[in-house]
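The values are calculated or read from the model by the stated rules, or taken from the named source; none is laboratory data. If you're wondering where the values come from, they're calculated on a predicted model, not measured in any experiment. FYI the Cβ positions are ideal-geometry reconstructions off the backbone, even for glycines, and counts take in every protein chain you see.
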């Protein structure tokens with residue numbers, strides 16, 4: 001049997017934002033309700049190349065397919081004129097084990113899944129009137145987190161913080177071209193925004209917990225391997241709500257795990273993202289809320305399956 005290989009152009013044609021947001025929301029809820037099978041991720045590091053690789057798999061009970069995904073991040077690539085992220089998804093039948101298709105998405109589905117997950121939980125946990133967003137990082141995911149959140153709520157201003165001024169300027173320019181009011185910001189200034197999203201491969205915290213003001217929401221998406229750490233443990237000690245996309249993963253290699261090991265949070269102080277997306281969230285206006293996202297294989301499987309069903313009969 002010839003296995004179809006579906007490339008980026010075909011995938012991008014059908015993977016519209018509403019499909020991705022709805023699929024990620026539903027899969028997150030299914031995961032929180034225990035209706036998924038998700039083995040621990042496999043991690044590879046390539047220190048000499050500033051790179052890493054994740055292999056994730058997942059299945060939602062009753063779904064006709066499951067998926068195995070390879071996603072790479074080589075963070076020096078932009079300096080070589082190459083994208084930082086690549087990858088592909090293998091979609092297999094959950095009835096026969098046959099390979100249904102290879103989605104040669106070059107990391108796009110992972111990027112969109114991450115953007116949707118971040119935007120959904122940020123929108124759910126931020127104050128209804130929160131309109132100022134700060135993003136730490138200047139790569140593809142920083143752009144996506146801002147633009148996808150702007151699909152869910154109006155943004156009055158976007159503060160961009162990064163290590164390289166030229167990349168900060170480039171991201172601000174791109175955001176302005178999309179109608180958003182974006183400007184560079186210091187780390188302290190960015191940490192004082194209504195909503196904060198961190199999108200870096202940092203190995204030590206990128207913001208100071210003392211600079212996060214009462215009533216703010218913070219979403220961290222970069223800590224997806226044990227050596228990575230974006231959010232300081234002290235921030236979790238101040239949080240009224242801590243959301244995790246997968247309890248075990250976030251304990252093992254998320255910012256939540258760093259906070260637990262630092263005794264700034266307890267092992268059971270988190271709430272599943274899916275539970276918070278499935279019903280209205282009550283949050284006092286002055287509360288700090290934090291979301292730690294490490295990426296769940298069942299969401300990748302659901303999104304790959306949704307795309308596949310629109311491309312193949």
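Before moving on, here are some points about what is shown:
- Subset of region 263-285 [part of a loop (DSSP other than H, G, I, E, B) and either touching a helix residue (DSSP H, G or I) at 6+ places or on another chain (Cβ under 7 Å) or at pLDDT 95 or above (or both)]: 263, 264, 265, 266, 267, 268, 269, 270, 278, 281, 283
- Filtered residues of region 240-260 (kept if over 20 Å from residue 214 (Cα atoms) and out of contact with any helix residue (DSSP H, G or I) (no Cβ under 8 Å at 6 or more places or on another chain)): 247, 248, 249, 252, 253, 254
- Any chance residue 27 is crowded, with 18+ Cβ neighbours inside 10 Å, part of a strand (DSSP E or B) and modelled with pLDDT of 95 or more: no
- Hey, residue 70 closer than 16 Å to residue 300 by Cα and in contact with a helix residue (DSSP H, G or I) (Cβ under 6 Å, 6 or more places away or on another chain) or not: no
- Residues that are touching a helix residue (DSSP H, G or I) at 6+ places or on another chain (Cβ under 7 Å) and under 23 Å from residue 151 (Cα atoms) within region 165-195 comprise 171, 174, 175, 178, 180, 182, 183, 184, 191, 192, 195, listed in sequence order.
- Restricting region 125-138 to residues that are within 19 Å of residue 184 (Cα to Cα) and out of contact with any helix residue (DSSP H, G or I) (no Cβ under 7 Å at 6 or more places or on another chain), the residue that is surrounded by the fewest Cβ atoms within 10 Å (Cβ to Cβ): 131
- When restricted to residues that are farther than 20 Å from residue 281 by Cα and assigned to a loop (DSSP other than H, G, I, E, B), region 107-162 contains 7.
- Of all residues in region 258-269, those that are in the same structural domain as residue 223 (by TED's automatic domain parsing) have Cβ atoms under 9 Å from Cβ atoms of residues that are at pLDDT below 95, 6 or more apart or on another chain, in 258/223.
- Within region 163-251, strands (runs of 3 or more DSSP E) holding 3 or more residues that are surrounded by 15 or more Cβ atoms within 10 Å (Cβ to Cβ): 195-198, 217-220, 239-244
- All told, residue 150 falls short of being over 16 Å from residue 119 (Cα atoms) and out of contact with any helix residue (DSSP H, G or I) (no Cβ under 6 Å at 6 or more places or on another chain).
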